[in-house]
Structure formats: C-alpha cells, structure tokens
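What follows is one structure encoded as structure tokens, with my remarks underneath.
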Amino acid sequence: TAMMRRGVIMMCVVLLWGGAAQAADSPTLAPYADYVRGAAGVQLLDTVREALCVAAGRCDTLRTVAPDWPGAPRPMFVTLARGRATRACLGRDGSQGSLTATVRAIAADLLVADRRHPPVAADELAELRVLVAFVGDERPLADPYAIDPMREGLRIETERGAVAFLPGEARTVAWALGEARRIGVLGAMSEARFTRFAAVVVSGPAAIPADPIAPSSHSEVHP
C-alpha cells in the first residue's frame, strides 16, 4: 500500500475509541479483528513490551513470540499513550518478515524516533499504555471533510511528509488539519493528498510492567 511508501517509518497521532463498524466492514481487517480479540492479541502486546524493555536497556533478551500475521500483512502502528495523549507513535508499511519481527523493528525505534516528542525515558514506560493498530486499505479522498473522523482514519500526505490519525483520534476534521499544520506536514490544502482507512486496535496496560517479562493480565480491543 501507499500508507508508508518504501517501508519508511511514519509518525502517527493516536487516541482510541470508536471505529468498530469500519473494522467489521473491512474484509482485509476481518482476520485481524479476530486476532486481537483472543489470546494472540495479549501475546502480541507482550511481544511489544519485551521489545520496548530491550530498547530501553532494562532487558537483555528477546524471547516472546507473537502468533504470526493472521492474514496478508497490513501497515501497522505501535503507540505509547499517557492517558488520552500520545507520547510516541511510529508505523511501518507491511511486513518486515514475521509479525514478531515487524513489531520488534518498530519498538526498537519508537522511544527515540517520533520527532514531535522528546525521547521516551525508561522510567516513563511503567506509566504508558501500549497500543498496536492494524490499518485497512486506503481509499482516496477528495474532500477530507467527507469523513466521520470518529469512525474512520485520515491520512494526510504532502511533499513535507505524512501523518495519520486513527479512528477516534480527531473529534473533528478541522482539528486534524490543524494538527497536520502544527507539525509541519500540511501547508496549502491543494498540495495535500488525503486518504481514508479503517483500523483494528488492541491496547493494554503499562508498556513495561513491574515484571517486564510477566505475561499481561488483560488487553483492550478497539476494532
């Protein structure tokens, strides 16, 4: 897909609620909706936490492996959130190999590569939730105001870069456009390319629990 061209890491902005109908209506995401609702979703979050633990220098070994892609590999994002605010978020376009290898690659960069925020310190991780989002097919959008941002994702791309807002992050399209301008992606509307997309999201508690290797007790699904 064109979500992140040539596999380049892309920033995103995430705040999660809504989006259920879009995921249910997206055939490409149906296997992912099933995946994140079960034990696989919990294991995926544990895999991300362990990779973050290694990236932060608090663990030495990567040993947790998530069940592999349940369907064709999808563009995906990994996010760290404090309350309802994004602390760091990065994405990749499709597979870096297995799903485990892909989330490990994102986690290795996540703490330092989101240029909108200062690097994430190791001692912050116990306060941050971890979220993983799988993104559906993009559809071109002539008018960004045509979408319901509470139920659909919006991607804005210009020659300056790209930013994606997952379903429910932007209460209004005007806010999303303003944020894209604030971070330097959007200038003139006529120069921008807009797309809409669905997403399936799984989230859980602290990015690194008190015992970083202990399995998580639960996860939350926002398909």
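The values are calculated or read from the model by the stated rules, or taken from the named source; none is laboratory data. Everything numeric in this text was worked out from a predicted model, so none of it was measured. Because the Cβ atoms are built from the backbone with ideal geometry, glycine has one as well, and the counts that use them run over all protein chains shown. Accessible surface areas use protein heavy atoms only, side chains included; no ligands, DNA or RNA. Shrake-Rupley method; radii C 1.70, N 1.55, O 1.52, S 1.80 Å.
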**OP:** Can you work out which of the residues in the range 158-181 that are within 20 Å of the chain's Cα centre (by Cα) and assigned to a helix (DSSP H, G or I) is surrounded by the most Cβ atoms within 10 Å (Cβ to Cβ)?
**Re:** A180
Original post:
Looking at (1) within 18 Å of A198 (Cα to Cα); (2) touching a residue at least 12 places away in the same chain (Cβ under 8 Å), can you tell me which one V42 breaks?
Top reply: (1)
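For the range 47-98, which positions are among the aromatic types (F, W, Y) and open to solvent by less than 10 Å² (accessible area, probe 1.4 Å)?
Just the residues of the range 47-98 that are among the aromatic types (F, W, Y), to begin with: 69, 77.
The one that is among the aromatic types (F, W, Y) and open to solvent by less than 10 Å² (accessible area, probe 1.4 Å): F77.
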**OP:** Restrict the check to the range 132-149 and report whether at least one residue is β-branched (V, I, T) and either in contact with a Ser or Thr (Cβ under 7 Å, 6 or more places away or on another chain) or open to solvent by less than 10 Å² (accessible area, probe 1.4 Å) (or both).
**Re:** yes
Original post:
Which one is nearest to E169 (Cα to Cα) among residues in the range 15-51 that are at pLDDT below 55 and hydrophobic (A, V, I, L, M, F, W, C)?
Top reply: L15
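Can you tell me which residues in the range 56-101 are hydroxyl-bearing (S, T, Y) and either in a loop (DSSP other than H, G, I, E, B) or over 19 Å from D34 (Cβ atoms) (or both)?
Let us first name the residues in the range 56-101 that are hydroxyl-bearing (S, T, Y), namely 61, 64, 79, 86, 95, 98, 100.
Within the range 56-101, T61, T64, T79, T86, S95, S98 qualify.
So which of A30, A126 ends up being open to solvent by 50 Å² or more (accessible area, probe 1.4 Å) and assigned to a helix (DSSP H, G or I)? It would help to see each step written out before you state the result.
Working: A30 fails: open to solvent by 50 Å² or more (accessible area, probe 1.4 Å).
Step by step, each of A30, A126 is checked, and only A126 is open to solvent by 50 Å² or more (accessible area, probe 1.4 Å) and assigned to a helix (DSSP H, G or I).
Does the range 191-202 hold any residues that are among the small types (G, A, S) and at pLDDT 95 or above, and which are they? Walk me through it before giving the result.
Initial filter on the range 191-202 (among the small types (G, A, S)): 192, 198-199.
Listed by number, the list holds a single entry, A192.
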Subject >> L154 under 25 Å from W69 (Cα atoms), touching an Asp or Glu at 6+ places or on another chain (Cβ under 9 Å) and among the aliphatic types (A, V, I, L, M) >> reply: yes
Original post:
Can you name the number of the only condition in (1) surrounded by 23 or more Cβ atoms within 10 Å (Cβ to Cβ); (2) touching a helix residue (DSSP H, G or I) at 6+ places or on another chain (Cβ under 9 Å); (3) under 15 Å from V200 (Cα atoms) that A107 fails?
Top reply: (3)
